1. Taking region C:31-83, which residues are aromatic (Phe, Trp, Tyr) and crowded, with 16+ Cβ neighbours inside 10 Å?
2. Can you name every residue in region F:198-224 that is within 20 Å of E:Ala165 (Cβ to Cβ) and acidic (Asp, Glu)?
3. Within region F:84-96, is even one residue crowded, with 24+ Cβ neighbours inside 10 Å, modelled with pLDDT of 95 or more and within 18 Å of the chain's Cα centre (by Cα)?
4. For the subset of region F:188-222 comprising residues that are facing chain E (nearest Cβ under 7 Å) and β-branched (Val, Ile, Thr), which member is surrounded by the fewest Cβ atoms within 10 Å (Cβ to Cβ)?
5. Considering B:Phe145, B:Phe162, which residue is open to solvent by less than 10 Å² (accessible area, probe 1.4 Å), modelled with pLDDT of 95 or more and more than 14 Å from chain A (Cβ to nearest Cβ)?
6. Determine which member of the set B:Gln220, B:Gln172 is polar (S, T, N, Q) and touching a strand residue (DSSP E or B) at 6+ places or on another chain (Cβ under 9 Å).
7. Could you tell me whether A:His3 is out of contact with any Pro (no Cβ under 7 Å at 6 or more places or on another chain), open to solvent by 10 Å² or more (accessible area, probe 1.4 Å) and under 21 Å from F:Tyr67 (Cα atoms)?
8. Taking the condition touching a helix residue (DSSP H, G or I) at 6+ places or on another chain (Cβ under 6 Å) and charged (D, E, K, R), does F:Asp197 pass?
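The values are calculated or read from the model by the stated rules, or taken from the named source; none is laboratory data. Note that the structure is predicted; figures quoted are calculated from it, not measured. Quick reminder, even Gly has a Cβ in these numbers, built from the backbone with ideal geometry, and neighbours come from all protein chains shown. All accessible areas refer to the heavy atoms of the entire protein, side chains included, with ligands and DNA or RNA removed. Shrake-Rupley method; radii C 1.70, N 1.55, O 1.52, S 1.80 Å.
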There are 6 protein chains.
Amino acid sequence: MSHIQRPSGRAADALRPVVISRHFTKHAEGSVLIEFGDTRVICTASIEDKVPGFLKGKGQGWLTAEYGMLPRSTHTRMDREAAKGKQSGRTQEIQRLIGRSLRAAFDLNAFGERTLHLDCDVIQADGGTRTAAISGAMVAAFDAFSKLVANGVIAQVPLKNFVAAVSVGVYQGLPVLDLDYPEDSSCDTDMNVVMTDAGHFIEVQGTAEGVAFDRGTMNQLLDLAESGINDLIDLQKQVLGLLEN
Amino acid sequence: MSHIQRPSGRAADALRPVVISRHFTKHAEGSVLIEFGDTRVICTASIEDKVPGFLKGKGQGWLTAEYGMLPRSTHTRMDREAAKGKQSGRTQEIQRLIGRSLRAAFDLNAFGERTLHLDCDVIQADGGTRTAAISGAMVAAFDAFSKLVANGVIAQVPLKNFVAAVSVGVYQGLPVLDLDYPEDSSCDTDMNVVMTDAGHFIEVQGTAEGVAFDRGTMNQLLDLAESGINDLIDLQKQVLGLLEN
Amino acid sequence: MSHIQRPSGRAADALRPVVISRHFTKHAEGSVLIEFGDTRVICTASIEDKVPGFLKGKGQGWLTAEYGMLPRSTHTRMDREAAKGKQSGRTQEIQRLIGRSLRAAFDLNAFGERTLHLDCDVIQADGGTRTAAISGAMVAAFDAFSKLVANGVIAQVPLKNFVAAVSVGVYQGLPVLDLDYPEDSSCDTDMNVVMTDAGHFIEVQGTAEGVAFDRGTMNQLLDLAESGINDLIDLQKQVLGLLEN
Amino acid sequence: MSHIQRPSGRAADALRPVVISRHFTKHAEGSVLIEFGDTRVICTASIEDKVPGFLKGKGQGWLTAEYGMLPRSTHTRMDREAAKGKQSGRTQEIQRLIGRSLRAAFDLNAFGERTLHLDCDVIQADGGTRTAAISGAMVAAFDAFSKLVANGVIAQVPLKNFVAAVSVGVYQGLPVLDLDYPEDSSCDTDMNVVMTDAGHFIEVQGTAEGVAFDRGTMNQLLDLAESGINDLIDLQKQVLGLLEN
Amino acid sequence: MSHIQRPSGRAADALRPVVISRHFTKHAEGSVLIEFGDTRVICTASIEDKVPGFLKGKGQGWLTAEYGMLPRSTHTRMDREAAKGKQSGRTQEIQRLIGRSLRAAFDLNAFGERTLHLDCDVIQADGGTRTAAISGAMVAAFDAFSKLVANGVIAQVPLKNFVAAVSVGVYQGLPVLDLDYPEDSSCDTDMNVVMTDAGHFIEVQGTAEGVAFDRGTMNQLLDLAESGINDLIDLQKQVLGLLEN
Amino acid sequence: MSHIQRPSGRAADALRPVVISRHFTKHAEGSVLIEFGDTRVICTASIEDKVPGFLKGKGQGWLTAEYGMLPRSTHTRMDREAAKGKQSGRTQEIQRLIGRSLRAAFDLNAFGERTLHLDCDVIQADGGTRTAAISGAMVAAFDAFSKLVANGVIAQVPLKNFVAAVSVGVYQGLPVLDLDYPEDSSCDTDMNVVMTDAGHFIEVQGTAEGVAFDRGTMNQLLDLAESGINDLIDLQKQVLGLLEN
């Protein structure tokens, strides 16, 4: 399709090596280390036996997410948000996205008045931290709900759909899948896509950083995303033992 | 396509009445009241003769946006963000979107070391405040740059593209243009689209609030958005006297 | 009395043109745009069916006010208080003054355990924003209570007194009524006076910015204020249809 | 004038016993403990060899004030403002008043690019803390400037006027001078007055807590205040050795 | 042991003159001014008839402490923490230490669901403010509990041990007791020790500011501390009338 | 010495298995994962080419530390400090301790006007996180300085002493080394000790949580700490290749 070479040498439609390690830390009900190449995110799922005030007494559960980066997960050290006393707009935007995406994966009416807290903490960043976070949080949440099942609290995991996310973008004119940092920092268009295992969209967030993009490009990007997300969901199911690999 | 009736009685592809009033307040270099039906947003553009620290000495300008809602712009009163001491995640997400969208409209290298501040304050909300804000800020910014031209500071308005925004969504199964509050609060899918007068995308932000959406629906939504944005940009040009109406 | 010419050409004892527009926005129980010349303030009154903690169970209502300025309501852009994360001392001082003034207008024991929130937001500033806010909030509050009456919640508007406010000051030695910005920013003495329709004082806040003022001057200023407030209260009653104009 | 008995048994026009102790702490350039009866306030004056940013390079000085109350200076313990992370509106209002009052006492152009910081900290409160603070800060500031004179930094204390403050109010219908806490917490009208030794007003801040007050009452209150402030200024001059007692 | 002369001329094992004045302010249940030489700290003890949320319904009391310094208690003026909107790490460290120390002095199970608030405010600092605070708070707390006894609320003061604190350090190679500011600001090792009247340790906090210290030095420092604390506890008991002097 | 069995079955003087993994993340100049049994802390060292304002132009470097815990590093989820908008007193106390300890390890005058930032983030907590953080930060800092040496920026690592830390305490009457969470949460006395490879103390912080401790116990605890720290420093040197294992 083009003579453009990706910095990593990957094909335009190739994901980075993805590794999902379950039971990464011992206290959380679900705990996953997910790696998209050099991007590494710890995703924990914690179950709390109460819901926020606005849901009390409605017999319904809640799911919420928080996101953070270790100060030196990045090329140059960032200020620690806890020390600055506020989360950046970017952080809030990402954690709202993670929350919305995972609320689409589970049935909030099927696990009682409980809150599932997802904490996604980036320990090493190389592009795509929010899509890795969503994809890893899916597995951590599944594990946490499985624990409730094992403990006899609920009858089954309140699954609606598997959900995963990936970034796509236009790098030097070439539509590519799963941008790493060198691509992300110089691309024209950056799009984060969240889809279900039924191939439907949960979120599409595309931004033209430089040149605006046309409808044809958008279609190419969505094709790439759909293919990548298929593979990610297969991997999620494999690590959970729901699919043979 | 359906027997669904929009609450407003509008056709699926109809914008609400849009009014753009220039020179709404007297101090700002650009000041616009934009109305999308009952949604009313004051957009002011202020020029400051300096740039943020990270740009000092680079000979380049900056454009940034802030967004707010008056506490009783909404159906029930919201807490005042200044009194709470922090802007919500939603507010930050919207003002970042406005800023990115307008930075795509103007050439930051063509107006010296100056900052254009866009303030978008909602005085009455009825759905679509962020898209009204972007569409109104475009005119306010144009007026502010025109003032710099009139004062001999720069030779011409540093325009790259006209930019406008509109929401689209799926209301009771029907893809519709420019959601008002009754539609917005009960729709399945909500998408905000920012486009240029060349018909290219600056931002696409789609969220499935309920049922995930498929590719066919996405295409219908993008068609609606493109048509609505065309009309909005024509109106922007008319009120600026750049196009006869 | 002197050869001093006011910048606006007004007589020493002349108010600026005052316009009070009711039903300015649609959601609030009371909503007023008040204009003192080029000073324009949106005053909304919102009724909430609960009281702050310190009043719970006492069978009494509460009335409180908040004040804000749009960032570019002023000659040069001010920082947005919501973005800075705190309200200035000036803002707090003004909103406390508005609250005290309006609590003197209504009987807090006569509308049940409800809170009336007054939000006064300046969209254009040209001096006298706090006095315009008080005078406009009076009408917005009256409208909100009238709505409770119309809905059969209370038997009548819990009115104690009509209340209005105006500034007076010494401009180049001349005592004048209703200072606009050019006068306000260069006057020696600035006094804000809040009075009832019985001609009694609710608040008197006088400050010598430059030369201290003597008792004679104070008396002249209070005379001016009394006359201006009489006219303002007449106008309030006229726009509410309680007095023929 | 009436059969009303003040809780303290004082005559209507009597100040509480006032004690001004200089050199109360050892580090500050000026340090005063002022007592208005059981109200005790530590006022320190600190000189810093720079001015705030907005005054840099203008060859002018600045004077600013801060106010605080120890948590248990009051009848029931108040939350510590440093622990809550913000100063209340009342605190800000008071420290702005102290600052304005003292800026009227000294010539800001006569002590170079320096800042005089006044810190007024209430260690025991029994009404009238802000007026005690102003009256004590006058002496502390005088001492601090005298130190600059003694060190040869300036030729003389940059005095414009002596300034003192007192509260007056209407207690059970009776106009009284220098309200203590039992009076303050139940009075109808409360007025704080700041005057110079020339008998001119710097600040008049009157509030009707209950019944609005008329012009006649106001005149009685101003008479009381003038008399009390005369006595306070005499005492200030005596403790400074400028007047024999 | 050495030819080193302490700046104050004191012997290596000599405390500064210590004065404990009870009933220093009138509102608090316990109120003490404690002086370690020129270090002066107001310690008040306030009793509140409720406990923090985590203790509700457990039939147990709580004791907590806060610490502050007046801005000009120090050689050069410090920023006011209430104005900055946060307490420094040092402040928090000290108030946690005071709280832990005093919780070791009293039986939290013996005064019902009440909270004892200790407020330690430094009005003049010359080294050793935290040890003076602990030693003074002991007396203020004892007085507050005695008031509960006098009021018949509890049968006896819920005393476990008397507690006092002192600093020790190595000044120019010489182990010394009760460092004043000139010593504190130039010493190699600084240790704060809190002990009971049984001679046991509650807290030992030693820090090598310059040269690390060996075991022999540590033993010398602990000997000095033990001796000083003995004297302080005797004084506490004397001022409370529990020991003849 | 006793029949007390530690929950882990360890001997009273036994450390948990300690693992120090260098180069744990790729961006930081020094990056270490340190494990004290189930306690796991990521320690990164970042070099910045400037110093804080108070050191500018003094030709000296600075070293500072920050500490955090992932929300679900603990048994039950803690609130995220970045979301709450402030660091707890405990967090600030710990990061101040880490900073002081490491400033004792390196010569601040020997690496130019640079700042070494240490970030210690706990990903799994099982007691002793602060001592693990100090011991791991030592290695991360050494690696970061080595990188400066490798790049020819400085001639050698500005090492004063190796530094490590360990906790000791009294568990059911038995003095033990390196408390894990079950011991830490029920022990009477808890002491954190920081020492150099010369066997000297940098910090000793002992707290009696329950029963106060006597001098004999303190001596036993310091003996245990000295032995444990010796082993930790040997391990630090081994992983850095400075000592054969």
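1. So in region C:31-83, the residues aromatic (Phe, Trp, Tyr) come out as C:36, C:54, C:62, C:67.
Across region C:31-83, the qualifying residues are C:Phe36, C:Trp62, C:Tyr67.
2. Within region F:198-224, F:Glu203, F:Glu209, F:Asp214 qualify.
3. Yes, the conditions are met somewhere in region F:84-96.
4. Ranking the candidates gives F:Thr196 first.
5. Answer to the selection: B:Phe145.
6. Values: B:Gln172 fails: touching a strand residue (DSSP E or B) at 6+ places or on another chain (Cβ under 9 Å).
The conditions single out B:Gln220.
7. Values: out of contact with any Pro (no Cβ under 7 Å at 6 or more places or on another chain): yes; open to solvent by 10 Å² or more (accessible area, probe 1.4 Å): yes; under 21 Å from F:Tyr67 (Cα atoms): no.
Taking the combined requirement at face value, the residue does not satisfy it.
8. Working: touching a helix residue (DSSP H, G or I) at 6+ places or on another chain (Cβ under 6 Å): yes; charged (D, E, K, R): yes.
The answer is yes for F:Asp197.
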